[in-house]
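**Q** Let me begin by handing over the structure; questions about it come next.
The values are calculated or read from the model by the stated rules, or taken from the named source; none is laboratory data. This structure is a prediction, so every number in the text was calculated from the model and none was measured. Here Cβ is always computed from backbone atoms with ideal geometry, including for glycine, and neighbour counts include all displayed protein chains. These area figures cover heavy atoms from the full protein model, side chains too; ligands, DNA and RNA do not enter into them. Shrake-Rupley method; radii C 1.70, N 1.55, O 1.52, S 1.80 Å.
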Amino acid sequence: MSQPQRVLVTGSAGRVGRAAVKGLTAAGHHVVGFDRVPTPGLPPAQSLVAPLSDVAALRAAVADGVDCVIHLAAAPDDAAFPRKPPPDDGDNFLSDLVPSNLVGPYHVMEAVRTAGVRRVILASTGQVVDGHLRSDDVPVTATMLPRPRYLYACTKVFLEALGQVYATQHGITVLAVRLGWCPRDLGQVAEIRASHLGQDVFFSPGDVGRFFAAAVGAEKLPQYAVVYAGSRPVHNMRYDLDAPRKLFGYEPQDQWPTGAEEF
């Protein structure tokens, strides 16, 4: 895949999505965005506006000569964690997480399967191994069992398993990426500033772009693999970044707080 690729990015208007689009475009790939709002940085013809629940629009987008799908679209987190005491002890599992993070990825993988797309990159999260991070069982490798933070992280465990099933049963090359923390607003920047762990799992916008460009441009990937993605840690190595380095040459260049306030 050393030649320019046609890449469909779902969730392209989000924080990670915009950084991925920028990096992929800079690397010479033809990027098409798919999100509920227009994607900054893309011309209207390359910015498709629809939800994942619009299966017809999704399938048409995937079938339009796409070489690789990067699936980033998701409900971004638990509505509240830890759970509050009654009567404010509700969650967003059924309202947001199930349709966006369980049903949505199924639609994506079915669209990929029927269109014959050969490579998919799925955005998981470091939250699936949060228990290891909190107990300082680091660096966390891809072979360690998940210890999810809460319900959002549970949906990402499903996402990884879904990718493995489609890789095994349908021959699609699937890369599941446990993303570090690319802050979405100043509140999250403040959280990272106050946390050694946050600074060590920080993922700068620049490194986001470099990571996805390297993954898309890789000549060959395993049928299925789980990798971590992040910038250079400040204090301790929390994620094992050897796999993306060996598989497709990703080397993080940034370190907290580079790019933290680039929204």
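**Q** Whether any residue in region 111-134 is touching a Gly at 6+ places or on another chain (Cβ under 9 Å), farther than 23 Å from residue 50 by Cβ, among the basic types (Lys, Arg) and open to solvent by 60 Å² or more (accessible area, probe 1.4 Å) is what I want to check.
**A** Checking region 111-134: at least one residue is touching a Gly at 6+ places or on another chain (Cβ under 9 Å), farther than 23 Å from residue 50 by Cβ, among the basic types (Lys, Arg) and open to solvent by 60 Å² or more (accessible area, probe 1.4 Å).
**Q** Here is a further query. Of the conditions (1) open to solvent by 20 Å² or more (accessible area, probe 1.4 Å); (2) in a loop (DSSP other than H, G, I, E, B), residue 39 satisfies every one except a single condition; which number is it?
**A** (1)
**Q** As an exercise: evaluate residue 47 against (1) open to solvent by less than 40 Å² (accessible area, probe 1.4 Å); (2) of a type in the set (S, T, N, Q); (3) out of contact with any helix residue (DSSP H, G or I) (no Cβ under 7 Å at 6 or more places or on another chain); (4) within 25 Å of residue 178 (Cα to Cα) and give the number of the one condition it does not meet.
**A** (4)
**Q** What pairs come up if the first residue lies in region 113-129 and is over 14 Å from residue 216 (Cα atoms), the second is assigned to a loop (DSSP other than H, G, I, E, B), and their beta carbons are under 6 Å apart, counting only those six or more places apart or on different chains?
**A** 115/63; 126/180; 126/201; 127/149; 128/146; 128/148; 129/147
**Q** Which helices (runs of 4 or more DSSP H) sit wholly inside region 165-263 and have at least 1 residues that are closer than 22 Å to residue 29 by Cβ, of a type in the set (Val, Ile, Thr) and open to solvent by less than 10 Å² (accessible area, probe 1.4 Å)? Give the derivation first.
**A** Numbers: elements: 186-193, 196-200, 205-217, 242-248.
Filter on region 165-263 gives 205-217.
**Q** What tally of residues in region 1-20 results from selecting those that are surrounded by fewer than 24 Cβ atoms within 10 Å (Cβ to Cβ), over 13 Å from the mean Cα position of the chain (by Cα) and in contact (Cβ under 8 Å) with a residue 60 or more places away in the chain?
**A** Looking only at that region, the number is 4.
**Q** Something else: What pairs can you find where one residue is in region 166-177 and under 12 Å from residue 110 (Cα atoms), the other is of a type in the set (Gly, Ala, Ser), and their Cβ atoms are less than 6 Å apart, with a gap of 6+ or different chains?
**A** none
**Q** Just for region 109-160: of the residues that are under 18 Å from residue 70 (Cβ atoms) and part of a loop (DSSP other than H, G, I, E, B), which one is farthest from the chain's Cα centre (by Cα)?
**A** Among residues in region 109-160 that are under 18 Å from residue 70 (Cβ atoms) and part of a loop (DSSP other than H, G, I, E, B), the one farthest from the chain's Cα centre (by Cα) is 116.
**Q** Still on this model: Could you say which residue among 102, 72 is of a type outside the set (Asp, Glu), within 20 Å of the chain's Cα centre (by Cα) and either closer than 18 Å to residue 181 by Cβ or buried (at least 19 other Cβ atoms within 10 Å of the Cβ) (or both)? Let's see the steps before the verdict.
**A** Details: 102 fails: either closer than 18 Å to residue 181 by Cβ or buried (at least 19 other Cβ atoms within 10 Å of the Cβ) (or both).
So the residue among 102, 72 that is of a type outside the set (Asp, Glu), within 20 Å of the chain's Cα centre (by Cα) and either closer than 18 Å to residue 181 by Cβ or buried (at least 19 other Cβ atoms within 10 Å of the Cβ) (or both) is 72.
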